[in-house]
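For reference, the structure is listed below as structure tokens.
The values are calculated or read from the model by the stated rules, or taken from the named source; none is laboratory data. None of these values were measured; they are calculated from a predicted model. The area values use the complete protein model at the heavy-atom level, side chains included, leaving out ligands, DNA and RNA. Shrake-Rupley method; radii C 1.70, N 1.55, O 1.52, S 1.80 Å.
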Amino acid sequence: MIHISESLVLQSVEGFLTREELASLSKIMDADPHLADWSPRFQAEAVAVPPQAEEILQHATARAMPTLRRAIPSLRSAAPWGYTELTAGRCVPTHVDGIPDPEAEHCRLGRIGVVLEEADSGGEFYVETTADDSVWSGQVVGEKENFLPGTPLTRSMPHASGPASGPHHGVPGWLADADRTRWVTDVGAGVALAYGAQVIHGVRPVRGGRLRKFVTDLLT
């Protein structure tokens, strides 16, 4: 049974990628012609990584599974990895991914991201906590969905495939109006950060340089 704490977890994996793996991934991504002129159309848009990069990232994921499962016991696998980047002035507004389909065979319990290249300044990942009831949807799941009985669900803002109308274009009113406490991380290149699907989070504006990172879903 999935416990609510698994959807609210925050777990770092230092050394998720070795220096050699980081160097190889940089070469692979720099050589990909599809990324030569690519930039996200909206905040948090990600594109599929090349097969060689996927192999390295899945190997690193498998290596980290004992650590991840210690914090997220229901975790079984990771979805294919995506790549995203932020340049100066861009950010990922505060949002919560949520669990849009708790009955899915491979339910999304969280996300995991790892930085390929840090921005010169800014671009810090952060999480937020709040006691405000507006974050919660009022929906409750239980044994039918493989959750402990009485597990509440937050509102859901899954990553969109559209342009500016996507949910990460700005902070929704119900979240903007909630009193929140922010916790800023200083995650460096090669360190993975896993966060539950019901964790409020975002990325501070990049002030200089470019932030490059890989992201994927963590699944039951």
Using Cα atoms only, what is the angle between the long axis of helix 19-31 and the major principal axis of the chain, expressed in degrees (0 to 90) to the nearest 10? 80 degrees
Note on the range 27-101: contact order normalised by length, alpha-carbon pairs under 8 Å, 6 or more apart, percent, works out to 41 percent
Within the set 15, 98, 113, GNM on the chain using Cα springs under 10 Å gives the largest fluctuation to 15
Over the Cα atoms, compute the radius of gyration (one decimal) and Dmax (the largest Cα-Cα distance, rounded to a whole number) for the chain, in Å. 16.9, 49
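Quick one: divide the alpha-carbon radius of gyration of the range 70-194 by 2.2 N^0.38 Å and tell me what you get.
Working: Rg = 16.0 Å, N = 125, 2.2 N^0.38 = 13.8 Å.
Cα-based Rg divided by the globular estimate yields 1.16.
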Taking a ≥ b ≥ c as the square roots of the eigenvalues of the Cα gyration tensor, with a/c under 1.5 meaning rounded and otherwise prolate when a/b exceeds b/c and oblate if not, the range 63-139 is oblate
Cα-based helix-to-principal-axis angle, 51-71 vs the chain, degrees rounded to 10: 40 degrees
Considering only protein heavy atoms and a 1.4 Å probe, what is the carbon-and-sulfur percentage of the accessible area of the range 84-220? 49 percent
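For the chain, what's the relative contact order in percent, using C-alpha pairs closer than 8 Å and at least 6 residues apart? Display every interim value, and only then the final one.
Numbers: 492 pairs, mean separation 87.6, N = 220.
It comes to 40 percent, rounded to a whole number.
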